[in-house]
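Notes follow once the structure below has been shown.
Every number here is computed from the coordinates shown, using simple stated rules; none is lab data. These figures come from a predicted structure and were not determined experimentally. Cβ coordinates were reconstructed from backbone atoms using ideal geometry, including for glycine residues, and neighbour counts include every protein chain displayed.
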Amino acid sequence: MKLNTKQTVLIGLSFASILAFWQLYDQVIPVILENRFGRSTLVTNAIMSIDNILAVFMLPLFGGLSDKTRTKLGRRTPYILFGTIAAVSLMVLISMMTETGSFLGFFVCLILLLIVMSVYRSPAVAYMPDVTPKPLRSKGNAVINLVGYIGGIFSTVIMSILVTSEKAEDGSIVYHGFIPVFMAVAAFMLITVLIMVFSLSENKIVREANVGADEPKTSDGSEKLPKPVAKSLIFLLLSVFLWFTAYNGVTTSFSRYFENRFGVDAGGSSLYLTVATVAAIASFVPLGIISSKLGRKRTVLFGIILMTACYLSIFLLPKAGAVMYLIFAIVGIGWAAINVNSFPMVVEMCRSSDVGKYTGYYYAFSMVAQIVTPILSGVLITKFSYNILFPYAVVFSVLSFVTMIFVKHGDSRPDNKEALENFDIGRG
């Protein structure tokens, strides 16, 4: 049993398209709201949270709808293709509204864009498990994440080149280049998705993969999960919520924590996150291989232990020295160990006909955490100071370890062939 790496990379192009958008959204939209339209930080943060709120409801909904979709293009491809076309069209409109100074037009287009992104995110992520045998989905997810990060890196680089700024006479900063950067990212999104669509026939590769052919049929035709599996799914989704609560609590207040506690400015602290990102990218594929030996659950638990140890170490360190780079490299490895294996565990528990819906469940729980944790951590920081941030992360990380212990399903392993043989680089 071998992973079709070429096919998985092509499927991953849709994920690269999505991550390219979210990198642009997270970095540029707040600047436009505050700098171009003069909105307060509170209003900006509220608008920036809308995507998480939409995702909680829309990701499971459209993931489930794509499960039931049957077209000549396949189940997932229509959502990905037409969703991307709609998204890039709205991005062009948003850039125009930014230049004309129409906040109402900008806001309406932004909401429509966030709705469109919520429509096709789950179908895009569900495509990989549709055509990947269950034992190989951790490796497949590792490849998908690796390709996806190319999109994020592209947006970061293109923003650094095209978005420029200058000081106005009143001392304020004026930004330029929003139209070119939106156009560049929109072009990247469209091109990558078109390459995927024209390179792969979804219906054909699904038939050839024949994933789910050996799934047992229930006597009454019911698709309901057996109680032990449902229990494992609940504990796994709770774990997803808890470790995202810990991690996003840290990233939300990260730069301000380092400034207040260690006197490190935003530029310096961003280097730590860059180290974590590079370490995560470098470890995606090796961790996919390791999980085939250790098992997904053990690899996730190992990742949680690494994350918890790093949170505690940062809290105990008296100053931000060179060792901080090592700690954040370990953070990247731990986070990759969790993410490479947790999503495949979720879809391992469902039938192939429900992959989109369960993909939506996975992302919905992560989004709920990202809605809750900035508020909860913010309240605690206000009451106790920034020193509470990493103990806060330790508590929720430990809780995710506890709930993960109760997960008894979703830990599939491949056959006993050498792990490296499961990556068939030359297969077409």
Taking +1 at the Cβ of each Lys and Arg and -1 at the Cβ of each Asp and Glu, which of ILE150, PHE254, TYR120 sits farthest along the dipole of the chain towards its positive end, judged by Cα position relative to the Cα centre?
TYR120
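Compute the length gained on full extension between TYR175 and LYS231: take 0.36 nm times their separation in residues and subtract their Cα-Cα distance, giving the result in nm to one decimal.
On the way: separation 56, 0.36 × 56 = 20.16 nm, distance 5.10 nm.
This chain segment gains 15.1 nm when fully extended.
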What is the Cα centroid distance between segment 227-294 and segment 1-23, reported in whole angstrom?
21
Of all trypsin sites (Lys or Arg not before Pro) in segment 38-107, the ones in DSSP coil with at most 14 other Cβ atoms within 10 Å are ARG70, LYS72
Counting other C-beta atoms within 10 Å, which of MET404, MET96 has the fewest, and how do the rest follow?
MET96, MET404
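If I take R0 = 30 Å and measure r between the Cβ atoms of GLU208 and TRP22 in this structure, what FRET efficiency does the formula 1/(1 + (r/R0)^6) give, to the nearest 0.05? All intermediate terms of the calculation are to be shown ahead of the outcome.
On the way: r = 32 Å, r/R0 = 1.05.
The computed FRET efficiency comes out at 0.40.
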Springs between alpha-carbon atoms under 10 Å, Gaussian network over the chain: tell me which of VAL407, VAL340, VAL28 tops the mean-square fluctuations.
VAL28
Using alpha carbon centers only, segment 25-53 is separated from segment 325-389 by a whole-angstrom value of 22
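How would you rank ILE314, ILE80, ILE330, going from fewest to most other Cβ atoms within 10 Å of each one's own Cβ? Write out the running numbers ahead of the final one.
Numbers: ILE314 24, ILE80 28, ILE330 18.
By the 10 Å Cβ count, ascending, the order reads ILE330, ILE314, ILE80.
Return THR359, THR373, THR156 ranked ascending by Cβ neighbour count within 10 Å, so the fewest neighbours appear first. Before the final figure, lay out each step's value.
Working: THR359 30, THR373 24, THR156 16.
Going from sparsest to densest Cβ surroundings: THR156, THR373, THR359.
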Cα lying deepest toward the dipole's positive end in segment 1-209, options MET48, ASN203, THR69, charges on Cβ
ASN203
For the chain, give the magnitude of the charge dipole about the Cα centre (Cβ charges: +1 Lys/Arg, -1 Asp/Glu; no others), in debye to the nearest 20.
1180
Over 36 Å [Cα-Cα, the chain], rounded percent:
26
Select from ASN203, ASN341, ASN387 the residue whose mean-square fluctuation is largest in a Gaussian network model of the chain (Cα-Cα springs shorter than 10 Å).
ASN387
Given the options PRO391, ILE85, ILE304, identify the residue whose Cα lies farthest towards the positive end of the charge dipole of the chain (+1 on Cβ of Lys, Arg; -1 on Cβ of Asp, Glu).
ILE304
Most mobile of VAL193, VAL323, VAL131 per a Gaussian network model of the chain (Cα springs, under 10 Å)?
VAL323
Dimensions (Å) - segment 225-414, Cα atoms, principal axes, largest first
52, 34, 24
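Taking the Cα centre of segment 225-414 as origin, work out the dipole magnitude from +1 charges on Lys and Arg Cβ and -1 charges on Asp and Glu Cβ, in debye rounded to 20.
Working: 14 positive and 5 negative charges, 104 e Å.
In debye, rounded to 20, segment 225-414 gives about 500.
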Once both label points are put 7 Å beyond Cα along the C-beta direction, the LYS6-THR274 separation in nm becomes 3.6
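Of all the Cα-Cα pairs you can form in segment 1-209, what percent are over 32 Å apart? Kindly include the intermediate steps, with their values, before the conclusion.
Working: 4606 of 21736 pairs.
Here the long-distance tail beyond 32 Å is 21 percent of all Cα pairs in segment 1-209.
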Could you give each residue of segment 233-244 its phi-based ³J(HN,Hα) in whole Hz, using Karplus coefficients 6.51, -1.76, 1.60 with θ = phi - 60°, and x for Gly or Pro?
4, 4, 5, 5, 5, 5, 5, 4, 4, 6, 6, 6
